[in-house]
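Report on the following structure.
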Amino acid sequence: MSESSHSERDSGAAGAAEPATTQPAAAPRLAETPALVPTWVALVVLGVLLALAALGGYGVHELLDGGNAAERRQLAAIESWRTKVAESPQDVQSRLKLANALVDAGQYRSAVVEYDTVLKENPNDVAALYGRASVLSSMGDVRDAESAYWAVLQQEPGHVRAAEALGDYYASKAQYRSLIVAVKPAVAVHPTEARLQYLLGLAYENTGHRDWAIERYRLALKAVPDMPEATAALACLGANK
């Protein structure tokens, strides 16, 4: 993903030989014919084998049927919401439900079409903006996803999931100042969100603000006492919990 206007980089045999074939000194003697297995033993073994085969087939059938049932439920949900949208094209909630059902079924491009339709009517619909951003991210379209997440934060600066998505992205790119811009407003609204506190601490640590970083890591641990990332970060800084 290229940097957006909101972001900038802040640092920097060979196999074993076959055994030789030798002619046996003398032809081997034929083995004696073994004694026949009693009929009742053979019947018992056959019965056990048949039972195991039946159980195995049942398990496979249940597995396949379960998968098919889930797919049928997803398709049924899509058709149900399509019908409602056709009946009331201006019903935003039904269209959002349709888009979500398409996402559940992995039909991402169709879901984007539905989100876009909602946004044509209401460009500031946060649910549609976030749904669209999430789908773009799932599709690997990271450039548009970044812009889409910013569109969410422009409408709702405290949106936890959008801030977290951008925070994780900027952390992976070492763009720590952009991380602060994206995450800090959401932390102010949701101070008990441990992941956001940790990301903000990470940004402060990597921009030379050790004391601020320690404070954020401790706030993350206050919300989630066993958070391994924050615990490790404090240990690296030589600070106590």
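Considering only Cα-Cα distances, which of the following residue pairs are longer than 31 Å: 173/241; 97/173; 120/222; 84/173? Going by Cα-Cα distance, 97/173; 120/222; 84/173 fall outside the 31 Å limit.
Roughly how big is segment 53-156's charge dipole about its Cα centre, with Cβ charges of +1 (Lys, Arg) and -1 (Asp, Glu), in debye to the nearest 20?
120
With R₀ set to 35 Å, the beta-carbon distance separating residue 124 from residue 68 gives a calculated FRET efficiency near 0.30.
In this Cβ point-charge picture (+1 for Lys and Arg, -1 for Asp and Glu), segment 82-230 has a dipole of about 100 debye about its Cα centre. Computed over neighbours whose Cβ is under 13 Å from that of residue 155, the net charge equals -1, Lys and Arg +1, Asp and Glu -1.
Only alpha carbons enter this Debye calculation for segment 59-196, each as an equal point scatterer, and the log10 of I(q)/I(0) it gives at q = 0.09, 0.15 Å⁻¹ is -0.35, -0.80. Each peptide in 105-114, 118-127, 169-178 gets a packing score, the mean of other Cβ atoms within 10 Å over its residues, and the list from highest to lowest is 169-178, 105-114, 118-127. Maximal additional length on extending the residue 189-residue 84 stretch stands at 34.2 nm, based on 0.36 nm per residue less the C-alpha distance. Which whole-number percentage describes the relative contact order of segment 152-241, with Cα contacts under 8 Å and a sequence gap of 6 or more? Relative contact order for segment 152-241 comes out at 22 percent.
Readers should treat all values here as calculations from the given coordinates under stated rules, not as data from a laboratory. Note that this is a predicted model, so its numbers are computed, not measured. Every residue, glycine among them, receives a Cβ derived from its backbone with ideal geometry; neighbour counts consider all protein chains shown.
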